[in-house]
Structure formats: C-alpha cells, structure tokens
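The values are calculated or read from the model by the stated rules, or taken from the named source; none is laboratory data. Predicted model, so just to flag it, every value in this text is computed and none were measured. With ideal geometry, Cβ positions are generated from the backbone for all residues, glycine too; neighbour counts draw on all protein chains shown.
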Amino acid sequence: MLQSNGLGSQQHKEGVFLLNEEQVSTKLRQYEESYFVNRGKGVTRYDICQLPSNSPIEDDRAEEIVQVPILQDNNVRASTDWMFFGVFDGHGGWTTSSKLRDQLISYVIHELGTIFKPAQEDNLRYVPNSATIDQAIKNGFLKLDHEIVNKNIEKLLNDNNKAKAAELLMPALSGSCALLSFYDTNSKMLKVAVTGDSRALLGSFKDNQWTVRQLSIDQTGSNPTEVARIISEHPDEPNVIRNGRVLGTLEPSRAFGDCRYKLPASIQERIYKQFFGRRLPSNLNSPPYVTAEPVITTTKVSPENNDFLVMASDGLFEMLSNEEIVGLVVKWMEKEKMVKPSKSFWNYFGSTEKGLPQVADVTGDKSSKPPFRKSRQLAGNGYLLEDNNVSTHLIRNALSNGGSREQTLMLVSIPNPVSRRYRDDLTVTVVFFGNEVKEADNGKLEINSQATAGGYDSSKPKL
C-alpha cells in the first residue's frame, strides 16, 4: 500500500491502495477504441487510447473520413478519401480542447473546400498545389482561434450576458495544443499540422531497417526557432521568454485559447470586473505573444514499407523516446503477425533475450525535448506485450519504464489530483497505412471489438 503523507491524523487521510493487475488493465483499457478501415484506399486500421490524470481529462481527440470526387490534371475522374486524425492537449482546463474536438476538423474541411475548386461537371474538384493546401489548413486553425478568443469575448462584452459567461469565456481562458494529420489517399500525401508540443512520428521499414521520422517539432519556449521568432516580434522585451516559457509562465509557444497571452490588458481587466478571469501575466506589454498558427510538414506515405503514424500528447514523449515508441509498435505488430519478426538490438550481440528492434532516427531537426527520465526499454525484455490495442500497449509501456509491472501498478493506482505530480494525461492515436480491403464490408468503418473496451462512441468516426 502506498502511504499518504500524513500531515495530521485530524485530517483523516487514508492510504492509497494499489490496484491489482486486472484492475489496472481495466483502467488502462477503459477509453480504448479501434477501427478497421475497409476502404482499400490507404489506411487499414487506427487505434486510440486515453488515460486521464486530470479530472476531467484535459486531452481530447477527433477523427473523420470524407469522400471527395476529384478531377486530376490529366482529366481523369477519381475519388479520394480525406482522413483526419486529431490530438488536442489541453491545459488550464478541458474546455478549449473540447472545442477543438467538436470544431477544428470542420473548420479545416471548410477551408479546403474553398480551394478544391469544382470542375464544370459532376461537382468534381481540381486538386490545388501543396502550398495552397497548407494555407487552407492554417486558415482553419486561425479562424477557429479567432472565434474562441476574439469573437466570443467581444460578444460577451457587448451583450453583458452573465448566463453565457462560462460558455463563451472558458474556452478562451483555458488553452490547448493541437496536432492534426490530414491524409489524402489519392496522392498518398500526409500533412501534419502542429500548434504546441504534441508530436507525430512516422515509422517505416526500408532496406531491412526500421526508422522513425518526427513529423512535427515541439513548439515551446525551449525551442531555439520559436524563441527567435517571439523575440523578433517583441524585440524590446527582455523577459518575453524566461525559463523556457512565454513571459515565464506558459510552456507552449503556440496554442489555442490562452487569451491571457493574446488580449490587451484593458480588455482582460474588463472581463475580470464584469465576469471572472485570471491574474494578468507579468510583463504583459505588447500582446499577442502566442499564436494558433500551425507549422505544417508534408510526407509521402509508402504503405509497401509498413508505414504507420503515431500521434500523442506530450505525456507519452516525456517517458519514451521516438525510437522506443516505434520499436514498441513493431514488437506489437510482430505479435499480431502484421510484420515478420525482426532481429533485435541485443540479438546482434548474441543475447538470447528478445529486446526491441533497432530503430534509426532519421529526423533532421533534433531540437525537440528528449524524455525526462532515462528509460530501460531497450534492455532485454524491457517491455510488456499484452494488449490488443496498440495505443493501450504504448501507454502501458510508457508507465512501466522498462517492463516493470510494479511501476505501472503504482502510477495507475495514484488517484487524481495527486497523480498529476507523476504523469500527465495521455492520449495516443496510431494509424496503419495499407491497401487491404474486405469486399463484403462495402468500404465502411468496422469497430474492432477485440481492441475496444468501454470507449466506443459511434458518433466520433464519420464517413
């Protein structure tokens, strides 16, 4: 039993009881979901799992599939799927990430619809160039943030409607990072848009070697590129970045909401007097300091190379390296017979133990932060392999710190709010690329019941 700190018997503090392995697995799998994508157009399956630390969880996620008829450059009629996968890491509350869950993909689809211009017949659409698509995605992000931070607060101040204060104000006061992947099945182009410090990885097998490529770079006050950008926008403010944080307090340098870093002090004071609010950040001289504009990367997916995408809130990357994450997914894929077993790092040295496969990091920009703890995942049997859902598998191993069941039991057993001292909210989405399809399934999404516990919500995946 984990003992409480016992600050006084008069407070009637009780011990924290360790859950048993079955209870821990139930908790880990409570919000797992898995879907087969029987469309033969580039994605075969995706898995999701969340583990709360805050109550309610401040993370959120969304997925959507849209079928689009297109007319290619050679006037060939075709159909493409737009596949969207989003991970939203909230802070200071859950209301901003919830707003992104409900609206961000719709905003981006609307902007994409304005640039995929209809041809003269059959409502087919011409495909614009990559830069035009990037700008449409950025416009979707910025327009939603403008509504959250500017339009809603302007409406609140004009109407002075206290009954609507929480609904309109809370998404602006809290904040959220946003990681959105957009896969066009016709071009096989994957665009990853990041606002904040959630991260996307692409695992791939080529030339008998597993590799990992980081498709997003963490945007924080510790990223030299972000620091230089913000200083250039506020050259006369020496404290604009302090201790790796914007104005010394906010770690993400880009985010939705967080109106305290975007609105003038005079407006914030009005909000506080008429409704409610939070103390102004120190050295607030020339806002905005924070933007929701994403940085976008474009990558050609190769299903023949067993490509897969891992998206997660930063809580996962605090505990596992990029190489470990891809290695853990590969070991899970071997168990599921999705790939042939590969030789591990330790096998090359004659070890009889089955460690993780050797993974090469081919990321160009290495400025993102490493895990805060030195993991033992690569040593021997330093992993757990017992989940049907690969996202649950990653979360379990992130908590185990090298295959320690006792460590997982302890971290999952600690209740909120104490748990937040030891781990963050965790949200993980894994997407497997490929072209397999079951003809009898008529191109629909199919719930994978063996890898879905209690988190199925039929309203989330759309087609």
Inside region 228-243, can you point out the residues that are within 18 Å of Pro281 (Cα to Cα) and aliphatic (A, V, I, L, M)?
Ile230, Ile231, Val240, Ile241
Qualifying position, being modelled with pLDDT of 95 or more, buried (at least 19 other Cβ atoms within 10 Å of the Cβ), not β-branched (Val, Ile, Thr) and not in a strand (DSSP E or B), among Tyr31, Tyr35
Tyr31
Those residues that are at pLDDT below 75 and exposed (fewer than 14 other Cβ atoms within 10 Å of the Cβ), I need them from region 48-77; list them, please.
Asp73, Asn74, Asn75, Val76, Arg77
Only one of Arg260, Arg229 is in a helix (DSSP H, G or I) and either of a type outside the set (D, E, K, R) or free of Cβ contacts under 8 Å to residues at least 40 places away in the same chain (or both); which?
Arg229
What about Arg270, is it closer than 30 Å to Asn161 by Cβ, surrounded by 14 or more Cβ atoms within 10 Å (Cβ to Cβ) and at pLDDT below 95?
yes
Return the pair list, or none, for Cβ contacts closer than 7 Å from residues in region 234-250 that are under 16 Å from Asp197 (Cα atoms) to residues that are part of a loop (DSSP other than H, G, I, E, B) and β-branched (Val, Ile, Thr), at least 6 apart or on different chains.
Val246/Val290; Leu250/Val290
Do we have any residue at all in region 162-180 that's more than 30 Å from Thr249 (Cβ to Cβ), among the hydroxyl-bearing types (Ser, Thr, Tyr), modelled with pLDDT of 95 or more and crowded, with 22+ Cβ neighbours inside 10 Å?
no
Could you grab me the full set of residues in region 235-250 that are surrounded by fewer than 20 Cβ atoms within 10 Å (Cβ to Cβ) and not basic (Lys, Arg)?
Pro235, Asp236, Glu237, Pro238, Asn239, Asn243, Gly244, Gly248, Thr249
Can you name the residue in region 302-334 that is under 17 Å from Val362 (Cβ atoms) and among the small types (Gly, Ala, Ser) and is also surrounded by the most Cβ atoms within 10 Å (Cβ to Cβ) among such residues?
Gly327
For region 100-121, how many residues meet the condition of being in contact with a Leu (Cβ under 8 Å, 6 or more places away or on another chain) and part of a helix (DSSP H, G or I)?
6
Restricting the search to region 38-60, which residues are of a type outside the set (S, T, N, Q) and part of a loop (DSSP other than H, G, I, E, B)?
Arg39, Gly40, Lys41, Pro52, Pro56, Ile57, Glu58
Please work out which residue is modelled with the lowest pLDDT, limiting yourself to region 338-367 and to residues that are touching a helix residue (DSSP H, G or I) at 6+ places or on another chain (Cβ under 7 Å) and not in a loop (DSSP other than H, G, I, E, B).
Pro357
Here is a check on your reading of the model: is Ser216 in contact (Cβ under 8 Å) with a residue 24 or more places away in the chain, touching a helix residue (DSSP H, G or I) at 6+ places or on another chain (Cβ under 7 Å) and among the polar types (S, T, N, Q)?
no
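Please enumerate the residues belonging to region 300-337 that are of a type in the set (Asp, Glu), more than 22 Å from Asp59 (Cα to Cα) and either assigned to a loop (DSSP other than H, G, I, E, B) or in contact (Cβ under 8 Å) with a residue 24 or more places away in the chain (or both).
Residues satisfying the conditions are Asp307, Glu323, Glu324, Glu336.
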Might you check whether a residue that is outside any helix (DSSP H, G or I), at pLDDT 90 or above and under 25 Å from Asp197 (Cβ atoms) occurs anywhere in region 402-416?
yes
From the list Ser449, Ser458, which residue is over 21 Å from Glu58 (Cβ atoms) and modelled with pLDDT under 90?
Ser458
Go through region 204-226 and report how many residues are surrounded by fewer than 21 Cβ atoms within 10 Å (Cβ to Cβ) and either of a type in the set (Asp, Glu) or in a helix (DSSP H, G or I) (or both).
3
Testing Ser187 on (1) crowded, with 17+ Cβ neighbours inside 10 Å; (2) assigned to a helix (DSSP H, G or I), one condition comes back false. Which one is that?
(2)
Please indicate, with yes or no, whether at least one residue in region 190-203 is outside any strand (DSSP E or B) and at pLDDT below 95.
no
